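Peer 1: Before I ask anything, here is the structure I am working with.
The values are calculated or read from the model by the stated rules, or taken from the named source; none is laboratory data. Only a predicted model underlies this, so the values are computations on that prediction, with no experimental measurement involved. Ideal geometry is used to build each Cβ from the backbone, glycine not excepted, and the neighbour counts take in all protein chains shown.
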Amino acid sequence: MKKIKSLTLKKTEKEDLLEGIRKDGKKYSVRRHRKSFFMPDVWLKMLDKLSKKGKLTADVLIQTGARINEARNIEERDIDYGRNTIRLRIVKTKARKKGEERGSPRTIPINSKFIKQLKKHFKDRKGKIGILSTPAFNIALKKALERINIEDYYMYSAHSIRKTHGNWLKILSNLRIINCDGFEICLRLGHDNNTFLKGYGSAGVMNSKDVLLIKQILGDLYTQK
């Protein structure tokens, strides 16, 4: 098998951002890491700078923790309004080398306030939920962060919201504010514990104000009676 030559990456003026040049002469950027996540006050400020469709995309991602390609395929038939759950039918296939043809669907709980928002959203809509494409949302996200003067705006993407969701749940769980242990978080995200710790987990750095904002954003998730 012919060995693929790796492209040379060089440092840029932006911290943790590397740049390379493809064979066709086009420049491309690579982040040193993908563990950036949102503090709740930054999240709310960023959300305010997004378009209506951008806000819908962000809301779906922060409330579900789903990959954006999983969230894109949500339809009303996947929502159980009585149980406050969403079934993610089309999910990432993680073990192609082991013969896995498709990922296993998973059903996750959602806070009751967001379920009501989705019910209103689907009232006059058929088919898929209608969020932004991955490239469009990533551009919108970075622009919104740049507008609120976040220096490392380029380090964030749709996947950062998934990491944020997992970290917020971990923080609330550690403080015993919600009933959601590490196993539940991993099952919700569709990951094993090692993957979460390696690529998603971060130390708890939130103060009491941050925790209050997170609880307001996630509502009664994992506290429903």
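Peer 1: Is there a residue being at pLDDT below 95, in the same structural domain as Ile86 (by TED's automatic domain parsing) and either crowded, with 20+ Cβ neighbours inside 10 Å or in contact with a Lys or Arg (Cβ under 8 Å, 6 or more places away or on another chain) (or both) anywhere in the stretch 131-151?
Peer 2: no
Condition check ((1) touching a strand residue (DSSP E or B) at 6+ places or on another chain (Cβ under 7 Å); (2) among the β-branched types (Val, Ile, Thr)) across all residues:
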{"position": "Lys128", "(1), (2)": "yes, no"}
{"position": "Phe137", "(1), (2)": "no, no"}
{"position": "Glu146", "(1), (2)": "no, no"}
{"position": "Ala158", "(1), (2)": "no, no"}
{"position": "Trp168", "(1), (2)": "no, no"}
{"position": "Ile171", "(1), (2)": "no, yes"}
{"position": "Ser208", "(1), (2)": "no, no"}
{"position": "Ile214", "(1), (2)": "no, yes"}
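Peer 1: Examine the stretch 85-107 for a residue that is in a helix (DSSP H, G or I) and buried (at least 18 other Cβ atoms within 10 Å of the Cβ), and state whether such a residue exists. First the steps, then the outcome.
Peer 2: Of the stretch 85-107, the ones in a helix (DSSP H, G or I) are 96-98.
Now narrow it down to the ones that are buried (at least 18 other Cβ atoms within 10 Å of the Cβ): none.
No, every residue in the stretch 85-107 fails to be in a helix (DSSP H, G or I) and buried (at least 18 other Cβ atoms within 10 Å of the Cβ).
Peer 1: Moving on to the next point. Sort through Ile79, Ile110, Ile62 and tell me the only one that's at pLDDT 95 or above, more than 16 Å from Ile217 (Cβ to Cβ), surrounded by 16 or more Cβ atoms within 10 Å (Cβ to Cβ) and not small (Gly, Ala, Ser).
Peer 2: Only one candidate passes the filter, namely Ile79.
Peer 1: Name the residues in the stretch 157-167 that are under 15 Å from Pro40 (Cβ atoms) and in contact with a Lys or Arg (Cβ under 9 Å, 6 or more places away or on another chain), would you? Step through it out loud before you land on a result.
Peer 2: First, the residues of the stretch 157-167 that are under 15 Å from Pro40 (Cβ atoms): 160-161, 163-167.
Passing the criteria: Ser160, Lys163, His165, Gly166.
Peer 1: Kindly indicate the residue of the stretch 190-221 that is basic (Lys, Arg) and modelled with pLDDT of 80 or more and also surrounded by the most Cβ atoms within 10 Å (Cβ to Cβ) among those meeting that condition.
Peer 2: As a first pass, look at the stretch 190-221 and keep what is basic (Lys, Arg): 198, 209, 215.
Narrowing further to those that are modelled with pLDDT of 80 or more: 209, 215.
Details: Lys209: 10, Lys215: 19.
Restricting to residues being basic (Lys, Arg) and modelled with pLDDT of 80 or more, the top hit is Lys215.
Residue-by-condition table, conditions (1) closer than 18 Å to Ile217 by Cα; (2) among the basic types (Lys, Arg):
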{"position": "Ile115", "(1), (2)": "yes, no"}
{"position": "Lys126", "(1), (2)": "no, yes"}
{"position": "Ser133", "(1), (2)": "no, no"}
{"position": "Ala144", "(1), (2)": "no, no"}
{"position": "Tyr156", "(1), (2)": "no, no"}
{"position": "Ser160", "(1), (2)": "yes, no"}
{"position": "Thr164", "(1), (2)": "yes, no"}
{"position": "Trp168", "(1), (2)": "yes, no"}
{"position": "Phe183", "(1), (2)": "no, no"}
